[in-house]
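The values are calculated or read from the model by the stated rules, or taken from the named source; none is laboratory data. Please read these numbers as outputs of a predicted model, since none were measured by experiment. Cβ placement follows ideal geometry from the backbone for every residue including glycine, while neighbour counts extend to all protein chains displayed. SASA here: full protein model, heavy atoms, side chains in, ligands and nucleic acids out. Shrake-Rupley method; radii C 1.70, N 1.55, O 1.52, S 1.80 Å.
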Amino acid sequence: MKHCLGSPSTSKNSQGTKKLHTFEAKIDVLIGADILPSVLLSGTKTNICGSLFRQETIFGWVLPGPVSMSTSNRVSAFTTQVTKTKEASLDKLLTKFWEMEDLPSKMVKESDSVCESNFLRTTTREASRKYVVTLPFCDSGHCGSELGYSRSISLAQFLRNENRLRRDTPLNEQYNSVIQEYLDLGHMREVSPTHNSPNYYLPHHAVIKPESTTTKLRVVFNASSPSANGTSLNDVLHAGPVLQSDLTIQVLKWRYFKYVFSADITKMYRQIWVDPKHTPFQRILFRNKEGDIHDYELKTVTFGVNCAPYLAIRVLQQLADDVDQQFPKASHIIRNFMYVDYVLAGSNSQQEAQLPIQELTSNHKGVLKDIPNEHLLNAEFLNIDAESTAKTLGIRWRATTDEFYFVPSRFQ
């Protein structure tokens, strides 16, 4: 608590001598001189005790100014400061300090742990070296029994999409070719319609990417389309944790190498089989070459199902573990230099860079000399010149100068 002598006043005693009166007041707050202009008001009174003046503030009256050297008119001030600290407050401050110093930890959601447990428990690898995964249903005991009838909804969407595509013959032919490829590669199989077991039909439509060098048309399957009871396939599946690496970090890591290369996994999702007991939840409708609409089941991990990104990247991680002893360099690249299905890696010598390369583009043709032309994104890229460019993770890369640049969509 602080005390001082307050503003003085004067009066005359019976002998006519002036007598100084003072009063004692408590100081409620101490402020710094830097905020003084913001607290001052207009009221003032000068010639207090000869050297002081009284100034009005938002807190009340204050007495600034030098103290007179005259002993008879001297105003003395005595201050005492006592600070009391509660132990509880100190503990709280220390706790907060240490919490700030700790590295942030990411809490694992229950659904994420369920997905990981399901993956470890059910994922297998065939003799052909293909991985087989199951869909992580929210209620594994029911496995899609909550879904309503969906074939008629998918059929209506199929007919609408077909009518739209028929107005663009080249696009329609390309779309049919993509679906037919599923059948030709064994990625889907024809089935008969069933009503006595749980299933789900995926509506599908086309997404066009004219700037793509590999897949200009992609068929997207809509697993969020509600069935007759309002529930979709994505509603009853765990999406799984986000496993993809940070895009910016991957591009920056790429800059450390003198010789760089990029690679893309062809049809990454479709390299992974779905367990046959769960393919009934990946049914589609498609018109065959004879013009009849038939039912099919997609046998691979399917783009549009919410858990597909998790399953695909998790299989890659499992692959890195499984081949670590036999192919340590490839395993290292899979773990550290991939963004989903895309590889950005390199080395500081051509010899080291040639060892792990498959299906790539590079900034030095010496690195590419032994790569078959059919494995190259563009065979003409071997003749690297000032105009040799490639699109890498959404941005363009000029190989000779090792520069990234963007092209606005209206100029593409």
Scanning segment 227-242 for residues that are outside any helix (DSSP H, G or I) and surrounded by fewer than 16 Cβ atoms within 10 Å (Cβ to Cβ), the one modelled with the lowest pLDDT turns out to be Val242
Listed by first then second residue, the pairs whose first member lies in segment 305-327 and is within 17 Å of Asp235 (Cα to Cα) and among the aromatic types (Phe, Trp, Tyr), whose partner is in a loop (DSSP other than H, G, I, E, B) and open to solvent by 40 Å² or more (accessible area, probe 1.4 Å), with beta carbons under 7 Å and at least 6 positions apart or on separate chains, are Tyr310/Ala239; Tyr310/Leu243
Filter segment 110-135 for residues that are modelled with pLDDT of 95 or more and in a loop (DSSP other than H, G, I, E, B); the one that is farthest from Asn306 (Cα to Cα) is Thr123
| Does Glu290 count as open to solvent by 70 Å² or more (accessible area, probe 1.4 Å), among the acidic types (Asp, Glu), in contact with a His (Cβ under 9 Å, 6 or more places away or on another chain) and within 21 Å of Leu159 (Cβ to Cβ)? | no
All conditions in (1) modelled with pLDDT of 95 or more; (2) in a loop (DSSP other than H, G, I, E, B); (3) not acidic (Asp, Glu) are true of His294 except (2)
Filtering segment 139-158 for residues that are of a type outside the set (D, E, K, R) and either exposed (fewer than 13 other Cβ atoms within 10 Å of the Cβ) or at positive phi (or both) leaves a count of 7
>> Considering only segment 317-326, I want to know if a residue exists there that is part of a strand (DSSP E or B), open to solvent by 50 Å² or more (accessible area, probe 1.4 Å), touching a strand residue (DSSP E or B) at 6+ places or on another chain (Cβ under 8 Å) and of a type outside the set (Val, Ile, Thr).
In response: no
The residue from Ile284, Ile333 that alone is closer than 19 Å to Tyr200 by Cβ, touching a Pro at 6+ places or on another chain (Cβ under 9 Å) and open to solvent by less than 40 Å² (accessible area, probe 1.4 Å) is Ile284
Considering segment 137-166, residues that are in contact with a strand residue (DSSP E or B) (Cβ under 6 Å, 6 or more places away or on another chain) and assigned to a loop (DSSP other than H, G, I, E, B), and then whichever is farthest from Trp273 (Cα to Cα), we arrive at Ser150
Taking segment 278-325 and keeping residues touching a Phe, Trp or Tyr at 6+ places or on another chain (Cβ under 8 Å) and of a type in the set (A, V, I, L, M) leaves Ile284, Leu285, Ile293, Leu298, Val301, Val305, Ala308, Leu311, Ala312, Val315, Leu319
When restricted to Asn199, Asn176, the only residue touching a Pro at 6+ places or on another chain (Cβ under 6 Å) and at pLDDT 90 or above is Asn199
With criteria (1) open to solvent by less than 50 Å² (accessible area, probe 1.4 Å); (2) at pLDDT 90 or above, Pro309 comes up short on (1)
Restricted to segment 167-197 and to residues being in a loop (DSSP other than H, G, I, E, B) and touching a helix residue (DSSP H, G or I) at 6+ places or on another chain (Cβ under 7 Å), the residue farthest from Leu217 (Cα to Cα) is Ser197
Of the residues in segment 123-137, those that are over 25 Å from the mean Cα position of the chain (by Cα) and farther than 16 Å from Thr300 by Cβ number 1
Filter segment 344-362 for residues that are farther than 15 Å from Tyr256 by Cβ and open to solvent by less than 40 Å² (accessible area, probe 1.4 Å); the one that is modelled with the lowest pLDDT is Leu360
Report whether or not His195 is more than 19 Å from Arg270 (Cβ to Cβ) and either surrounded by fewer than 16 Cβ atoms within 10 Å (Cβ to Cβ) or aromatic (Phe, Trp, Tyr) (or both). yes
